[in-house]
Amino acid sequence: MSITENVAAIRARIEAAAVESGRTGADITLVAATKMNDASRVREAVAAGVDVCGENRVQELLEKNEQHAYDGAPLHFIGHLQTNKVKYLVGLAELIQSVDSEALLREIEKRASKLDLTQNVLIEVNIGGEEAKSGVAPEQLDALLRFAGTCPHVRVCGLMAIPPISVEKGGNHAYFCRMKELFVDIGRKKYNNVNMQFLSMGMSDDFEDAIRCGANMVRVGSSIFGARNYAAASVQKSE
Ligand SMILES: *Cc1c(COP(=O)(O)O)cnc(C)c1O
């Protein structure tokens, strides 16, 4: 199957899951998770009509951006973000999906203010309470959103989550539903600079389940591009 065929097949599955939850495929933003795929493959996905390119590593994003890999689609950052890399992303990434600390918000505010622009972000929630995972704990989400309200050059546009790796199908249903509850709860409260527009959750193995639970943005990698070759990548890196 080509990338183009894969994207068409995913669109059809998105459409069906959206209809099950009283929406249509047009309500769902398809982010292609482009990590470890080179510029020509990313261009193919853009040509196939993915809505967004989502990149994980800043260095890789900058390299592929130089190669015009993302031309024609908005670019999101979806990977773990270090404070010292923020400066490369502000103003370049339309949406930074993985913000989970005051330190990151403070740095984004500083950089966006310098460039006199407003940076859109999502707050990443560690919905599975996993120790090694990025994301703010659900109990600390309110405090972080209140802090975001003090950052005039940052706009929080929603929430993102990467639930635990699930062995069985539907295994993350409860986490997805919990995220939807948080999304709705926060939407009812009135925080400065916060507008709950996007709920970004669901990947190749579980995007339909996420959509049924209320996701309106899914991040799909291997189902578009095929399995990633981590072995080849680590050889490259160590060279
Ligand atoms: C890689 C990645 C995805 C997509 O994962 P697949 O299982 O390949 O679809 C989604 N979100 C994030 C943050 C990722 O790093």
Looking at segment 193-206 only, could you name the residues that are within 14 Å of the ligand (Cβ to nearest atom) and farther than 20 Å from VAL46 by Cα? PHE198, LEU199, MET201, ASP205, ASP206
It is to be established whether one or more residues within segment 171-194 are part of a loop (DSSP other than H, G, I, E, B), under 16 Å from the mean Cα position of the chain (by Cα) and farther than 21 Å from GLU94 by Cβ. no
Within segment 35-94, how many residues turn out to be among the β-branched types (Val, Ile, Thr) and farther than 21 Å from GLY135 by Cα? 4
Quick one: how many residues across segment 79-93 are touching a Leu at 6+ places or on another chain (Cβ under 8 Å) and more than 16 Å from the ligand (Cβ to nearest atom)? 6
For segment 198-207, does any single residue satisfy the condition of being surrounded by 13 or more Cβ atoms within 10 Å (Cβ to Cβ), touching a residue at least 40 places away in the same chain (Cβ under 8 Å), of a type in the set (S, T, N, Q) and more than 16 Å from ALA137 (Cα to Cα)? yes
Would you be able to say whether some residue in segment 144-166 is under 23 Å from ALA16 (Cβ atoms) and either surrounded by fewer than 19 Cβ atoms within 10 Å (Cβ to Cβ) or of a type in the set (Phe, Trp, Tyr) (or both)? yes
When LEU92 is run through (1) closer than 21 Å to ASN6 by Cα; (2) of a type in the set (A, V, I, L, M, F, W, C); (3) in contact (Cβ under 8 Å) with a residue 12 or more places away in the chain; (4) surrounded by fewer than 18 Cβ atoms within 10 Å (Cβ to Cβ), the failure sits at (1)
Looking at segment 207-239 only, could you name the residues that are assigned to a loop (DSSP other than H, G, I, E, B), within 13 Å of the ligand (Cβ to nearest atom), out of contact with any strand residue (DSSP E or B) (no Cβ under 7 Å at 6 or more places or on another chain) and at pLDDT 95 or above? none
Got a sec? Which of ASP27, ASP116, ASP38 is under 18 Å from the mean Cα position of the chain (by Cα) and not aliphatic (A, V, I, L, M)? ASP27
Answer yes or no as to whether HIS76 is more than 17 Å from PHE147 (Cβ to Cβ) and within 12 Å of the ligand (Cβ to nearest atom). yes
All positions within segment 19-60 that are in contact with a strand residue (DSSP E or B) (Cβ under 9 Å, 6 or more places away or on another chain), in a loop (DSSP other than H, G, I, E, B) and among the hydrophobic types (A, V, I, L, M, F, W, C): ILE28, ALA48, VAL50
Please state which one of GLN59, GLN97, GLN67 is over 23 Å from GLY149 (Cα atoms) and touching a residue at least 24 places away in the same chain (Cβ under 8 Å). GLN67
Got at least one residue in segment 95-115 being surrounded by fewer than 16 Cβ atoms within 10 Å (Cβ to Cβ) and part of a loop (DSSP other than H, G, I, E, B)? no
I'd like the residue in segment 1-57 that is more than 19 Å from HIS76 (Cβ to Cβ) and within 16 Å of the ligand (Cβ to nearest atom) and, out of all such residues, is surrounded by the fewest Cβ atoms within 10 Å (Cβ to Cβ). MET1
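The values are calculated or read from the model by the stated rules, or taken from the named source; none is laboratory data. Values in this document were obtained by computation on a predicted structure and should not be read as measured data. Neighbour counts are summed over all protein chains in view; Cβ atoms, including those assigned to glycine, are modelled from backbone coordinates with ideal geometry.
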